[in-house]
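Below is one structure, written out as structure tokens; the observations come after it.
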Amino acid sequence: MTGENKLTCVKFQVGFACNLACSFCLVQEQNTTQDLSISTAEHALSDPVLRRQLKRVVITGGEPTMGRYLPTTMAIARCATALGAESTIYSNGTLLTDAVIRKLHAVGLTEIRLSLYEPVDWVRMKKTLDAMEEHGFNRFIKVTVTRKTFFLLPALLERLPSLRPSRFQIKPFNQTGIVKVDAVEEMTPRQVLSMARLMLDYRRRVPFRVDLLPLCYEFLVESVPDEFVCRCNCGKGGEGYLVINPNGDVLPCGAYAQTVGNLNCADSVSLTEMWNKSSFLDTIRKIEKQPADECHDCVHLRQCLTNDCHSTTFNFYGGFTRGNPQCPILARKRFPAEG
């Protein structure tokens, strides 16, 4: 590990249960009821090297504000606060009552990222965002777009300013590796590029910050300055993070099917040791220096290598010798009807 490649963020997936049943969500396909234990989370954060360099913890699910998960969510946020790190939860917002928000604020949680899912309950979401703001949280909203919800996006964007977001993030559905899900939820190349054009124009027109997350491929339709391209940091150079799932498995990010270790094994090593010594993470870090042959001459290669989420490539092909199958240029081969 060099000074430029530190583990600075840990993402905890506290469980797979959720009070919603979104058709594109990977957690519905999990065959375990295992919940992340507080002791496993505390063990992860007891690593002395990590404690010195930790900048943020992220808490997700399932739905991390469900009653069965709330104690673990609060314990992780409390630990992050004690270490001087920021903490974020990803929530669908439907269970974020004023009382829950107050509890999260009391343990030092610094950010709530509210995900909107169709059909959006606009009245409820506004009430939740108002309560968040009253307790000092920014009005942070995130949306994942699928093949089926793409047609609803213009109407959502038109109504979004009524929620007065301080920041808005959007991303296309990321392949799960589950054929029956991907076959109906993955956006077509034409949809991805249309969304990129729509969002680039939208970003220029609204007063709040708009982030186009990896897989948006906005740089395919317009030259985008590097500072406006959201980088994917799964094990690559720069600030990076690891994910711990409810089973104690450690992954480069939640989208990867490949683990780099398990915290519950008797011979488990610390997170920073996994970060330093994992051959799989080393392979991910080398992607920028070893582009796939089919991508080698692409004029967008530089931005794609630093921005792209390569988990899809690994899950689809079992390695990194090919380009991302969700790239609109390459995906046309799988969507011949689009030409």
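The values are calculated or read from the model by the stated rules, or taken from the named source; none is laboratory data. Keep in mind the model is a prediction, meaning the values are calculated, not measured. No Cβ is skipped: glycine too gets one built from the backbone with ideal geometry, and neighbour counts run over all protein chains shown.
Listing for the model above:
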item: Helices (runs of 4 or more DSSP H) (entirely within region 278-339) containing at least 3 residues that are without any contact (Cβ under 8 Å) to a residue 40 or more places away in the chain and out of contact with any Phe, Trp or Tyr (no Cβ under 6 Å at 6 or more places or on another chain); result: 279-285, 301-307
item: Residues that are under 24 Å from Ala255 (Cα atoms) and surrounded by 19 or more Cβ atoms within 10 Å (Cβ to Cβ), drawn from region 154-168; result: Phe168
item: Residue count for region 239-253, restricted to those that are in a strand (DSSP E or B) and either over 16 Å from the mean Cα position of the chain (by Cα) or β-branched (Val, Ile, Thr) (or both); result: 4
item: Helices (runs of 4 or more DSSP H) contained in region 131-209 and holding at least 1 residues polar (S, T, N, Q); result: 189-205
item: Residue that is surrounded by the most Cβ atoms within 10 Å (Cβ to Cβ) [pool: residues in region 40-54 that are free of Cβ contacts under 8 Å to residues at least 60 places away in the same chain and under 29 Å from Thr94 (Cβ atoms)]; result: Leu45
item: Flag if Glu118 is touching a residue at least 24 places away in the same chain (Cβ under 8 Å), of a type in the set (Asp, Glu) and either in contact with a Cys (Cβ under 6 Å, 6 or more places away or on another chain) or assigned to a strand (DSSP E or B) (or both); result: no
item: Complete set of residues in region 22-42 that are of a type in the set (A, V, I, L, M, F, W, C) and modelled with pLDDT under 75; result: Cys22, Phe24, Cys25, Leu26, Val27
item: Count - residues of region 195-206 that are more than 14 Å from Val229 (Cα to Cα) and either in contact with a Phe, Trp or Tyr (Cβ under 7 Å, 6 or more places away or on another chain) or touching a residue at least 40 places away in the same chain (Cβ under 8 Å) (or both); result: 4
item: Check on Tyr256, among the aromatic types (Phe, Trp, Tyr), part of a loop (DSSP other than H, G, I, E, B) and surrounded by 15 or more Cβ atoms within 10 Å (Cβ to Cβ); result: yes
item: Looking only at region 259-275, and only at residues there that are assigned to a loop (DSSP other than H, G, I, E, B) and among the β-branched types (Val, Ile, Thr), the one that is farthest from Gly318 (Cα to Cα); result: Val269
item: Matching residues, region 55-79, being under 13 Å from Gly93 (Cα atoms) and within 17 Å of the chain's Cα centre (by Cα); result: Thr60, Gly61, Gly62, Glu63, Pro64
item: Check on Val120, surrounded by fewer than 18 Cβ atoms within 10 Å (Cβ to Cβ) and closer than 30 Å to Asn315 by Cβ; result: yes
item: From the options Glu186, Glu222, residue that is in contact with a helix residue (DSSP H, G or I) (Cβ under 6 Å, 6 or more places away or on another chain), acidic (Asp, Glu) and farther than 24 Å from Lys55 by Cβ; result: Glu222
item: Which listed residue, of Leu109, Leu83, Leu95, is on the phi < 0 side of the Ramachandran plot and crowded, with 19+ Cβ neighbours inside 10 Å; result: Leu109
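Residue by residue, here is whether (1) among the charged types (D, E, K, R); (2) buried (at least 20 other Cβ atoms within 10 Å of the Cβ) holds:
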residue: Ala183; (1), (2): no, no
residue: Met187; (1), (2): no, yes
residue: Arg190; (1), (2): yes, no
residue: Ser194; (1), (2): no, no
residue: Pro207; (1), (2): no, no
residue: Val221; (1), (2): no, no
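Listed here are the residues, each with its yes/no results for (1) closer than 26 Å to Val192 by Cβ; (2) not aliphatic (A, V, I, L, M).
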{"site": "Tyr217", "(1), (2)": "yes, yes"}
{"site": "Val224", "(1), (2)": "yes, no"}
{"site": "Gln258", "(1), (2)": "yes, yes"}
{"site": "Lys289", "(1), (2)": "no, yes"}
{"site": "His296", "(1), (2)": "yes, yes"}
